[in-house]
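Peer 1: Take this structure first; my questions come after.
The values are calculated or read from the model by the stated rules, or taken from the named source; none is laboratory data. All of these numbers come straight from a predicted model, not from anything done at the bench. Cβ sites come from the backbone with ideal geometry, for glycine too, and all protein chains shown count toward neighbours. Only protein heavy atoms, including side chains, enter the accessible area calculation; ligands, DNA and RNA are left aside. Shrake-Rupley method; radii C 1.70, N 1.55, O 1.52, S 1.80 Å.
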Amino acid sequence: MAEKQDKIVGILGGMGPEATVDLMQRIIRLTPALDDADHIRCIVDNNPKVPSRIKAIIEGDGEDPGPSMADMGRRLASWGADFLVIACNTAHYYYEAVQQAVNIPVINLIDLVARHVESHFPEQNRVGILASPAVAMTGLYTKRFQKMGITDIWPDADHQASLLCVIKEVKKGNTGPEVRADYLAVCDNLRQQGAHLAIVACTELSALDVTLPIDFLDAAEILAMEIVAVARHEKNIA
């Protein structure tokens with residue numbers, strides 16, 4: 001019997017560009033391969049022209065990113081993708097716009113991370129979140145965790161503002177020592193609030209790749225693992 005051909009993943013990227021490249025590097029690292037042909041085919045729309053999620057959600061005066069993301073999804077599907085992923089936590093606020101635009105599955109990163117916490121850390125009922133304020137405002141993780149009886153813990157106001165600055169600096173390409181120090185201070189703030197586990201729920205923060213002063217799960221790593229498993233027919237999309 002012929003071996004099944006790997007599925008092709010379509011990646012809605014560019015939110016931001018460095019975070020998209022980071023996700024692809026994770027996919028390559030996690031794929032068992034002896035040669036080029038063993039790797040997974042990725043069709044990537046690394047589109048930094050998607051309207052700003054920060055302007056649309058936080059500032060409230062930006063263009064709706066949904067139509068642009070839906071168009072990206074349709075194009076990726078037409079180019080041969082078997083399933084889609086969105087390489088941005090905040091952009092999952094527009095998940096339904098993408099899923100409704102295509103006839104192929106779209107992995108929901110928020111649900112994926114929540115299921116991972118539930119299955120691997122069932123003893124945790126207070127989980128810290130490291131993410132853009134837009135993720136807090138939309139309740140993407142809050143609503144999902146509430147259904148599981150988990151309380152989400154966020155940095156205090158000053159540290160959350162500092163975290164947004166960190167995210168913006170990474171988008172500018174600045175990952176220097178001051179940015180990293182500010183990020184670590186935010187993580188320590190979560191630890192002081194009693195969080196024993198944190199979710200790195202921003203792909204810009206994933207790209208920083210620093211050792212944190214708190215146990216953590218990286219949403220980008222969880223997504224990359226899922227992409228590899230689905231593409232290699234080791235798992236079905238839940």
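Peer 1: Just subtract the alpha-carbon distance of Asp64 and Phe121 from 0.36 nm times their residue separation and send over the number in nm, one decimal.
Peer 2: Values: separation 57, 0.36 × 57 = 20.52 nm, distance 3.56 nm.
Gain on stretching Asp64 to Phe121: 17.0 nm.
Peer 1: With angles folded into 0 to 90 degrees, how steeply does helix 17-30 sit against the dominant principal axis of the chain? Use alpha carbons for both and round to 10.
Peer 2: Helix 17-30 sits roughly 60 degrees off the main axis of the chain.
Peer 1: For Glu178 and Thr142 in one chain, what is 0.36 nm times their gap in residues minus the Cα-Cα distance, to one decimal in nm? Present the calculation step by step, with values, prior to reporting the outcome.
Peer 2: Details: separation 36, 0.36 × 36 = 12.96 nm, distance 2.97 nm.
So the chain would gain 10.0 nm between Glu178 and Thr142.
Peer 1: Which of the lysines could a cross-linker span from Lys235 if the Cα-Cα distance has to be under 16 Å and same-chain partners fewer than 8 positions apart are dropped?
Peer 2: Candidates past the 8-residue exclusion: Lys4, Lys7.
Peer 1: Here is a follow-up. Give me the net charge for the shell around Leu212: Cβ to Cβ below 10 angstrom, other residues only, Lys and Arg +1, Asp and Glu -1.
Peer 2: Working: positive: Arg191; negative: Asp188, Asp215, Asp218.
In short, -2.
Peer 1: Another question about this same structure. What full-extension length gain, to one decimal in nm, is calculated for Ala185 and Ala157 as 0.36 nm per residue of separation minus the Cα-Cα distance? Walk me through the numbers on the way to the answer.
Peer 2: Numbers: separation 28, 0.36 × 28 = 10.08 nm, distance 1.31 nm.
Residue separation times 0.36 nm, minus the Cα-Cα distance, leaves 8.8 nm.
Peer 1: Just grab the label-to-label distance for Glu234 and Gln25, each label 7 Å out from Cα along the Cβ direction, in nm (one decimal).
Peer 2: If labels sit at Glu234 and Gln25, their model points lie 2.2 nm apart.
Peer 1: Once you wrap a convex hull around the alpha carbon atoms of the range 196-238, what is its projected area averaged over all directions, in nm²? List each step's numbers first, then the result.
Peer 2: Values: hull surface 15.0 nm².
Projected over every direction and averaged, the Cα hull of the range 196-238 covers 3.7 nm².
Peer 1: Show me the trypsin sites (Lys or Arg not before Pro) within the range 1-105 that DSSP assigns to loop and that have at most 16 other Cβ atoms within 10 Å of their Cβ.
Peer 2: Working: sites: Lys4, Lys7, Arg26, Arg29, Arg41, Lys49, Arg53, Lys55, Arg74, Arg75; in loops: Lys4, Lys7, Arg41, Lys49.
Here the trypsin sites (Lys or Arg not before Pro) that fit, given the DSSP loop and packing criteria, are Lys4, Arg41, Lys49.
Peer 1: Roll a 1.4 angstrom probe over the protein heavy atoms and tell me the percent of accessible area of the range 60-169 that is carbon or sulfur. Each step should come with its number before you reach the end.
Peer 2: Values: 2310 of 4800 Å².
Within the range 60-169, the accessible surface is 48 percent carbon and sulfur.
Peer 1: Separate question: Mind checking the angle between helix 219-231 and the chain's longest principal axis? C-alpha axes, 0 to 90 degrees, to the nearest 10.
Peer 2: Helix 219-231 and the main axis of the chain meet at about 10 degrees.
Peer 1: Roughly how many Å² is the accessible area per residue of the range 84-238, as a whole number, for a 1.4 Å probe?
Peer 2: Details: 6640 Å² over 155 residues.
For the range 84-238, the solvent-accessible area averages 43 Å² per residue.
Peer 1: In a GNM of the chain with a 10 Å cut-off on Cα contacts, which of Met148, Met24, Met69 has the highest mean-square fluctuation?
Peer 2: Largest GNM mean-square fluctuation: Met148.
Peer 1: Can you pull the percent of Cα pairs in the chain with separation above 24 Å?
Peer 2: On the way: 12369 of 28203 pairs.
The proportion of pairs with Cα distances above 24 Å equals 44 percent.
Peer 1: If the reach is capped at under 24 angstrom between alpha carbons, list the lysines near Lys143, excluding any in the same chain fewer than eight residues apart.
Peer 2: Lys55
Peer 1: Equivalent ellipsoid semi-axes for the range 20-60, as square roots of 5 times the alpha carbon gyration tensor eigenvalues: give them largest first, rounded to whole Å. Present the calculation step by step, with values, prior to reporting the outcome.
Peer 2: Values: eigenvalues 215, 22, 6 Å².
That gives 33, 10, 6 Å for the three semi-axes.
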